[in-house]
Amino acid sequence: MIKFAGSLAKETVVDIKGLIVKAEVKSCTQTDCELSVQRLYVVAKAEVGLPLQIDDASRSEAEIAESERKLAAGEVDGAYVRVGTDTRLDNRVIDMRVPAQNAIFRISSAVCHYFRTALLEKGFVEIHTPKIIAGASEGGAEVFRLKYMENTRFEQPGCLAQSPQLYKQMCIMGDLERVFEVGPVFRAENSHTGRHLTEFTGLDFEMEIKESYREALEVTDEFMVKIFEGIKKNFQHELKIISQQYPFEPMSYNVGPNLRLMYPEGIAMLREAGVKNEDGSELSDFQDISTVQERKLGEMVKNKYGTDFYVLEKFPMEVRPFYTMPCKDDPRYSNSYDVFMRGQEIMSGAQRVHDVELLVEQCKAKGVDPVQHYVDAFRFGAFPHAGGGIGLERVVMLYLGLDNVRKTSLFPRDPTRLTP
Ligand code: ATP
């Protein structure tokens with residue numbers, strides 16, 4: 001039987017009948033017992049010649065670097081192989097069997113689960129909005145255009161939805177009161193970074209508000225903390241496996257309300273630290289901040305307030321989309337917010353305009369063609385409302401302190417990858 005077992009290619013699926021016996025086992029997940037095999041049946045043979053070795057793809061960077069050091073010092077004959085991102089992604093099914101990678105997707109599932117249950121508990125309704133739409137949802141160039149019903153008499157231009165934004169607002173106007181969606185979001189952005197995909201999973205919510213947009217921030221605090229706490233409580237096994245390959249510091253956050261900074265406060269902190277724009281100019285209260293500046297602010301917030309999770313509120317109106325509600329007391333600012341984890345943005349949100357005149361005016365000012373069905377949704381009684389949109393892959397990446405969003409997307413889509 002040993003000869004037969006030895007002839008089977010790695011990753012062959014087998015059924016085994018045997019006895020569990022006490023043993024001391026090295027380099028296995030089970031270290032104190034093993035299977036004494038009595039019968040072995042092949043369920044599905046694997047072909048010889050795995051495109052990547054799971055052992056190679058499971059090693060931490062520290063282990064690989066140490067083996068390279070030993071090789072350079074002449075202590076060993078060969079170093080461990082480093083499996084590149086493209087090899088992993090081209091063979092994602094095998095790559096998913098790597099324990100850390102497998103655990104990452106279990107954490108990703110958990111994030112959706114806790115997001116969903118936290119919102120259902122708060123009376124939200126899960127919705128599914130269309131992803132093939134007639135016009136750009138967010139405006140701008142980052143839209144995938146397609147021919148809808150090509151070669152038929154119904155042919156017309158169509159787009160892939162850049163967010164469920166307009167539709168979730170329309171559902172609020174339809175009196176669903178509080179809605180959320182977990183679904184795909186398409187962005188035709190030519191960004192070759194570790195945090196941008198051309199298709200990602202949006203965790204979106206929208207709700208009626210009674211007094212202030214801060215009600216939506218309270219809800220955000222609640223579901224984000226439920227996500228963090230749920231993973232901490234129920235996914236220690238997965239966290240341990242991931243941290244063995246990709247070591248990370250646990251995220252720090254408050255279990256109660258989280259830190260909220262006003263945008264000008266954030267700018268002032270950056271200015272005090274001597275941060276300038278790329279062209280050397282001083283930071284203005286009314287400009288957007290770059291990713292580098294965001295990260296710097298995240299570091300300063302961590303040092304000053306001891307948290308990896310915080311909210312920046314009241315962004316300048318200039319840098320927010322047409323549907324954002326301006327601040328009543330100073331319309332140069334808006335009732336909007338971004339949420340950050342470890343210095344990177346994971347969510348954008350705001351109170352939205354529910355007044356038709358103001359909406360049309362803001363569309364004009366921002367050079368956006370108003371979508372007629374959307375604008376009409378606010379004509380016959382409109383509820384004040386606010387919400388936000390989160391990127392699932394980014395939340396998982398940042399929670400686990402990973403360096404690339406491709407590790408948290410099952411089959412990533414980016415400007416150069418459309419397969420598998
Ligand atoms: P960024 O400034 O990082 O490009 P954005 O301001 O365009 O993001 P929003 O449109 O506000 O992003 O989207 C809300 C959230 O969706 C972001 O905070 C992020 O978590 C996620 N997200 C946005 N674009 C992408 C992308 N291309 N790939 C992965 N996640 C994304």
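The values are calculated or read from the model by the stated rules, or taken from the named source; none is laboratory data. Predicted model, so just to flag it, every value in this text is computed and none were measured. Neighbour counts run over all protein chains shown; Cβ positions are idealised from the backbone, glycine included.
Of all residues in region 77-90, count the ones that are hydroxyl-bearing (S, T, Y) and either without any contact (Cβ under 8 Å) to a residue 12 or more places away in the chain or in contact with a Ser or Thr (Cβ under 7 Å, 6 or more places away or on another chain) (or both).
Going through region 77-90, the residues hydroxyl-bearing (S, T, Y) turn out to be 80, 85, 87.
From the residues that got through so far, the ones that are either without any contact (Cβ under 8 Å) to a residue 12 or more places away in the chain or in contact with a Ser or Thr (Cβ under 7 Å, 6 or more places away or on another chain) (or both) too are 80.
Residues in region 77-90 being hydroxyl-bearing (S, T, Y) and either without any contact (Cβ under 8 Å) to a residue 12 or more places away in the chain or in contact with a Ser or Thr (Cβ under 7 Å, 6 or more places away or on another chain) (or both): 1 in total.
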Of residues in region 183-192 being closer than 22 Å to F340 by Cβ and at pLDDT 95 or above, the one nearest to the ligand (Cβ to nearest atom): R187
Pair list, Cβ under 6 Å, 6 or more apart: region 215-233 residue within 18 Å of L392 (Cα to Cα), other residue surrounded by 17 or more Cβ atoms within 10 Å (Cβ to Cβ) and among the small types (G, A, S): F223/A118; K226/A118; I231/A110
Output the residue which, of all residues in region 108-132 that are of a type in the set (A, V, I, L, M, F, W, C) and within 16 Å of the ligand (Cβ to nearest atom), is surrounded by the fewest Cβ atoms within 10 Å (Cβ to Cβ). C112
Just a yes or no: is a residue in region 64-76 in contact (Cβ under 8 Å) with a residue 40 or more places away in the chain, of a type outside the set (K, R) and part of a loop (DSSP other than H, G, I, E, B)? no
Residues that are surrounded by 14 or more Cβ atoms within 10 Å (Cβ to Cβ), touching a helix residue (DSSP H, G or I) at 6+ places or on another chain (Cβ under 7 Å) and not in a helix (DSSP H, G or I), drawn from region 77-93: A79, Y80, V81, R82, V83
Can you find a residue in region 168-182 that is of a type in the set (S, T, N, Q), modelled with pLDDT under 95 and within 16 Å of the ligand (Cβ to nearest atom)? no
Check whether at least one residue in region 230-246 is assigned to a loop (DSSP other than H, G, I, E, B) and either away from the ligand (no atom under 16 Å from the Cβ) or at pLDDT below 95 (or both), and report yes or no. yes
Verdict on I20 being at pLDDT 95 or above and either under 26 Å from Q244 (Cβ atoms) or part of a loop (DSSP other than H, G, I, E, B) (or both): yes
Residues that are under 20 Å from the mean Cα position of the chain (by Cα) and at negative phi: does region 267-283 have at least one? no
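Of the residues Y310, Y337, only one is part of a strand (DSSP E or B) and either within 12 Å of the ligand (Cβ to nearest atom) or among the charged types (D, E, K, R) (or both); which? Please lay out each step first, then the result.
On the way: Y310 fails: either within 12 Å of the ligand (Cβ to nearest atom) or among the charged types (D, E, K, R) (or both).
Only one candidate passes the filter, namely Y337.
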Return a yes/no flag: does region 332-341 have any residue that is at pLDDT 95 or above, farther than 26 Å from A136 by Cβ, among the small types (G, A, S) and under 25 Å from the mean Cα position of the chain (by Cα). no
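Let's see how each residue does on (1) in contact with a helix residue (DSSP H, G or I) (Cβ under 7 Å, 6 or more places away or on another chain); (2) over 28 Å from D221 (Cβ atoms); (3) without any contact (Cβ under 8 Å) to a residue 24 or more places away in the chain:
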position	(1), (2), (3)
M341	yes, no, no
R352	yes, no, no
E357	no, yes, yes
Q372	no, yes, yes
G401	no, no, no
L418	no, yes, yes
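Out of region 194-207, which residues are part of a strand (DSSP E or B), of a type in the set (A, V, I, L, M) and near the ligand (Cβ under 10 Å from one of its atoms)?
Of the residues in region 194-207, the ones part of a strand (DSSP E or B) are 199-207.
Now restrict to residues that are of a type in the set (A, V, I, L, M): 203, 207.
The answer is L203, and nothing else.
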Condition met for K210 (buried (at least 20 other Cβ atoms within 10 Å of the Cβ) and not in a strand (DSSP E or B)): no
Being closer than 30 Å to I104 by Cβ and charged (D, E, K, R) narrows it down to one of E345, E361, so name that one. E345
Just one of R320, R332 is crowded, with 20+ Cβ neighbours inside 10 Å and basic (K, R); which is it? R320
Hey, which of the helices (runs of 4 or more DSSP H) in region 351-420, taking only ones fully inside, have at least 3 residues that are closer than 28 Å to E318 by Cβ and within 29 Å of the chain's Cα centre (by Cα)? 392-399
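Quick one: which of A141, A134 is aliphatic (A, V, I, L, M) and within 21 Å of M347 (Cα to Cα)? First the steps, then the outcome.
Values: A134 fails: within 21 Å of M347 (Cα to Cα).
None of the others qualify; the one that does is A141.
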